[in-house]
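One structure below.
Read the figures in this text as sums done on the coordinates, not as results from a lab. Everything quoted here is computed from the prediction, not taken from an experiment. When we count neighbours, we look across all protein chains shown, and the Cβ atoms used for this are built from the backbone with ideal geometry, even at glycine.
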Amino acid sequence: MSHKNFPMVSNVIFGRGSFNQLEDILAPKRINTQAPFIFLVDDVFKSNAWLTSRIPLAYDDKIIFISAKEEPKTDQVDTLVEDIILMTKERPSGIIGIGGGTVMDIAKAISIMLTNKGGSQDYQGWDLVKNNAVYHVGIPTISGTGSEVSRTAVLTGPHKKLGINSDFTPFDQVILDSELTKDVPKDQWFYTGMDCYIHCVESLEGTYINTFSETFGEMALKLCKEVFLEGNLREEEAQEKLMMASWHGGMSIVYSQVGVAHALSYGLSYLLGTKHGIGNCIVFDHLEEFYPEGVRVFKAMKEKHQIELPQGICADLSDRDFDVMIKIALSLDQLWENALGPDWKKIMTPQKIKSLYQKM
Ligand code: NAD
Ligand code: ZN
């Protein structure tokens with residue numbers, strides 16, 4: 001049996017205020033004065049001088065503000081790559097993504113597409129990328145997705161929602177400064193935080209689990225419970241713990257996979273544009289059959305923070321709509337195999353998926 005050999009984030013800095021060291025971190029990575037750094041920044045920070053004034057711009061460096069209203073699309077990535085090629089004299093020295101999973105995934109994808117031919121949809125899948133990416137840095141401003149540590153950049157393309165999973169995807173540098181998460185609205189804090197919690201449950205309950213994934217998953221789960229369930233942490237402590245939960249949750253999936261909630265949530269996202277965090281919550285709320293203890297604790301956390309999830313989002317869908325979602329969900333073999341084992345197709349039939357969607 002041969003074991004998989006995974007790349008990791010090569011440099012990470014952790015600490016409140018570590019964002020101030022960005023200039024020192026980037027300086028040695030500048031190839032020359034013609035090769036700029038491109039900062040992709042969530043547009044929620046557009047008029048936020050507290051953050052933007054600390055982005056160290058020199059020579060031809062540029063800031064591009066990115067809306068996180070919709071999840072990353074392949075054509076959006078391709079357009080941004082075109083724009084960057086047109087606006088720069090030389091291939092950039094680096095791409096720096098400052099935001100949540102949306103902006104971080106766009107940063108990863110762009111850094112790959114600057115050195116690989118064709119369109120980003122050609123690389124949705126596993127190990128399709130040929131050339132090393134441009135140096136890329138991830139700076140999360142909201143915690144939970146684990147995108148800062150993962151080997152994938154999730155994109156919605158014309159035919160599928162699927163990540164660019166490759167050895168070139170992980171960031172070369174991550175800056176974990178929990179202070180950047182201080183103004184996340186409560187509902188979004190919960191949704192993205194629950195993405196981490198659901199990563200843990202799906203990884204730990206899955207058939208792919210090994211000791212590597214288990215140790216990270218258990219640590220992340222413990223941190224999530226401290227933050228969302230026990231709730232007697234100081235604010236800063238809670239922000240730091242959730243940031244580390246996200247990291248560990250992401251690490252847990254390196255050797256494992258997500259499961260039922262993610263597969264169904266991808267279907268919702270593809271058809272209805274439901275965003276990842278909230279979509280996972282909507283789905284997970286109905287999965288007691290698969291994750292009894294995980295869902296019980298989820299409901300307790302939801303109750304504690306008085307989160308009202310949207311109901312009836314599938315109420316008015318046609319049979320064709322259901323078929324689209326079912327097709328997307330069923331295409332994620334690895335997720336189902338992890339969740340239900342090699343005979344998953346006998347358990348998770350199209351009818352079964354439809355009955356689950358009909359509850360949402
Ligand atoms: P997001 O990046 O979509 O952001 C959610 C909202 O929070 C946005 O409105 C954004 O503007 C706002 N926000 C972010 N930081 C803020 C701050 N500091 N203050 C105020 N508002 C802030 O949310 P997300 O849940 O982090 O990311 C979801 C995306 O991540 C999806 O596209 C999903 O596919 C992807 N994802 C990727 C991976 C991976 O491993 N690559 C894993 C899970 C999810
Ligand atoms: Zn997720």
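What to note about this one:
- Scope segment 257-284; condition touching a Leu at 6+ places or on another chain (Cβ under 7 Å) and free of Cβ contacts under 8 Å to residues at least 40 places away in the same chain; matching residues: T274, G279
- Some residue of segment 163-178 being touching a strand residue (DSSP E or B) at 6+ places or on another chain (Cβ under 7 Å), within 15 Å of ligand 1 (Cβ to nearest atom), under 30 Å from T115 (Cβ atoms) and of a type in the set (G, A, S): yes
- For segment 78-111, a residue qualifies if it is among the hydrophobic types (A, V, I, L, M, F, W, C) and either surrounded by 24 or more Cβ atoms within 10 Å (Cβ to Cβ) or over 25 Å from L162 (Cβ atoms) (or both), and the qualifying residues are L86, M87, I95, I96, I98, V103, M104, I106, A107, A109, I110.
- Unmet requirement for E288, which otherwise passes all of (1) out of contact with any Asp or Glu (no Cβ under 9 Å at 6 or more places or on another chain); (2) within 16 Å of ligand 2 (Cβ to nearest atom): (2)
- Of the helices (runs of 4 or more DSSP H) lying entirely inside segment 303-347, those carrying at least 1 residues that are over 30 Å from D187 (Cα atoms), in contact with a helix residue (DSSP H, G or I) (Cβ under 6 Å, 6 or more places away or on another chain) and not aromatic (F, W, Y) are 333-340, 344-347.
- Search result, residues across segment 202-256 that are touching a residue at least 40 places away in the same chain (Cβ under 8 Å), outside any helix (DSSP H, G or I), of a type outside the set (S, T, Y) and surrounded by fewer than 17 Cβ atoms within 10 Å (Cβ to Cβ): N210, G231
- One residue stands out in segment 146-162 among those that are in contact (Cβ under 8 Å) with a residue 60 or more places away in the chain and more than 22 Å from Y191 (Cα to Cα): the one that is farthest from ligand 1 (Cβ to nearest atom), namely P158.
- Of everything listed in (1) near ligand 1 (Cβ under 9 Å from one of its atoms); (2) of a type outside the set (G, A, S); (3) under 15 Å from the mean Cα position of the chain (by Cα), the single unmet condition for I198 is (1).
- Residue list for segment 213-255, filter: within 13 Å of ligand 1 (Cβ to nearest atom) and among the polar types (S, T, N, Q): Q239, S246, S252
- Hits in segment 260-278 (condition: in a helix (DSSP H, G or I), of a type in the set (V, I, T) and either in contact with a Ser or Thr (Cβ under 8 Å, 6 or more places away or on another chain) or away from ligand 1 (no atom under 12 Å from the Cβ) (or both)): V260
- Members of segment 288-302 found to be part of a loop (DSSP other than H, G, I, E, B) and loosely packed, with under 14 Cβ neighbours inside 10 Å, listed by number: E289
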